[in-house]
Ligand SMILES: *Cc1c(COP(=O)(O)O)cnc(C)c1O
């Protein structure tokens with residue numbers, strides 16, 4: 001994994017307008033096409049921990065398009081650790097491109113119903129599940145644990161103090177929490193939630209924040225485009241326009257929704273004059289390919 005490939009890329013001035021002093025993107029999507037973005041940081045600490053504690057394998061959770069699952073599969077292969085993926089609500093008969101790739105990376109897939117999957121955070125259920133495999137270290141869905149947060153905090157070390165606002169997309173909120181706990185209090189952290197009524201995450205985040213709990217962070221869930229994993233033609237044309245101007249591909253599940261929201265906030269005059277904004281590209285580009293392949297497949301082309 002080549003972390004030195006991460007760069008800060010300025011966005012086009014015409015795209016962000018003259019009111020703010022600058023808007024840049026931290027390209028965490030660049031160091032690896034599969035183990036991209038925030039997933040690598042969250043996994044790195046989890047894998048290290050599993051090896052140090054003498055676990056024989058790792059086990060984690062996700063849906064059929066999960067960036068976390070595929071990143072785990074690839075990272076585990078890189079570190080020669082056997083990996084098990086518990087897949088939600090899929091019978092495994094027709095694998096998505098994401099799940100096929102997981103298998104190619106050597107991940108053992110184990111399919112459970114949506115009903116069963118709901119138990120994924122219960123100790124008894126997990127103990128019974130773990131007993132079926134070879135002494136696995138269990139990583140929660142999305143890498144949402146202490147190690148995941150510690151890994152995400154390392155992203156903060158890449159962020160210069162000159163930025164006034166840092167923007168990131170949320171799934172489980174693990175990356176957001178890790179960043180918030182590591183960033184200095186003069187930097188405002190804005191979180192963009194790609195699901196409906198996503199501000200339910202506020203409470204969890206508030207509890208996990210270590211200091212100055214009520215300061216310098218905010219969540220927005222206005223730009224969900226119908227819910228998690230959903231999108232509209234408008235979002236797709238926004239992504240294409242963004243690419244034409246800035247030459248940066250966005251993913252339709254997370255980063256496109258964040259940038260669309262930011263565009264709205266810019267036009268609403270949300271930012272103070274002279275704000276210096278950093279948007280974090282958390283990766284996820286494999287999802288575009290997997291989702292597009294699925295669309296083609298379902299439409300029978
Ligand atoms: C997983 C993911 C996120 C969300 O990360 P969390 O730590 O779960 O909040 C954001 N962006 C992309 C591209 C992702 O793949």
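Compute the Cα gyration tensor for the stretch 38-143, then decide on rounded, prolate or oblate, letting a ≥ b ≥ c be the square roots of its eigenvalues: rounded whenever a/c is under 1.5, prolate when a/b is larger than b/c in the other cases, and oblate in all that remain. Since a/c reaches 1.5 but b/c is at least a/b, the shape of the stretch 38-143 is classed as oblate. Rounded to 0.05, the FRET efficiency of the residue 186 and residue 273 pair, given R0 = 22 Å and the Cβ-Cβ distance, is 0.80.
Taking the C-alpha atoms only, the angle from helix 255-267 to the longest principal axis of the chain is near 20 degrees. Computed over the Cα atoms of the chain, the ratio of the radius of gyration to the Kirkwood radius (Rg/Rh) comes to 0.96. Stretching residue 204 away from residue 293 to a fully extended chain increases their span by 28.6 nm, per 0.36 nm per residue minus the current alpha-carbon distance.
Net length available on complete extension from residue 19 to residue 127 is 33.4 nm, with 0.36 nm assigned per residue and the Cα-Cα distance removed. Can you pull the one-decimal nm distance between simple spin-label points at residue 4 and residue 115, each 7 Å off the Cα toward Cβ? About 5.4 nm separates the two model spin labels. Quick one: helix 233-246 against the long Cα principal axis of the chain, what's the angle to the nearest 10°, folded into 0 to 90? Here the helix axis deviates by roughly 70 degrees. Taking 0.36 nm per residue of separation and subtracting the Cα-Cα distance, full extension of the segment from residue 48 to residue 243 would add 66.6 nm. For the chain, the longest principal axis of the alpha carbon atoms and the long axis of helix 67-78 meet at an angle near 60°.
Averaged over residues, the count of other Cβ atoms within 10 Å places the peptides 150-156, 49-55 in the sequence 150-156, 49-55, highest first.
Label the stretch 79-136 by shape, choosing from rounded, prolate and oblate, from the square roots a ≥ b ≥ c of the eigenvalues of the Cα gyration tensor; if a/c is under 1.5 it is rounded, and otherwise prolate applies when a/b is larger than b/c, oblate when it is not. Oblate, since a/c reaches 1.5 and b/c is not below a/b. Taking a ≥ b ≥ c as the square roots of the eigenvalues of the Cα gyration tensor, the stretch 196-264 is classed as prolate, since a/c reaches at least 1.5 and a/b is larger than b/c. Placing a label point 7 Å from the Cα of residue 162 along the Cα-to-Cβ direction, the residues of the stretch 235-278 whose backbone N falls under 14 Å from that point are 275-278. Given Cα pairs under 8 Å that are at least 6 residues apart, what percent is the relative contact order of the chain? Relative contact order of the chain: 23 percent.
Computed from the coordinates by the stated procedures, all read-outs in this text should not be read as laboratory data. In this text, all values refer to a predicted model and were calculated from it rather than measured experimentally. Glycine gets a Cβ as well: all are built from the backbone with ideal geometry, and neighbour counts include every protein chain shown.
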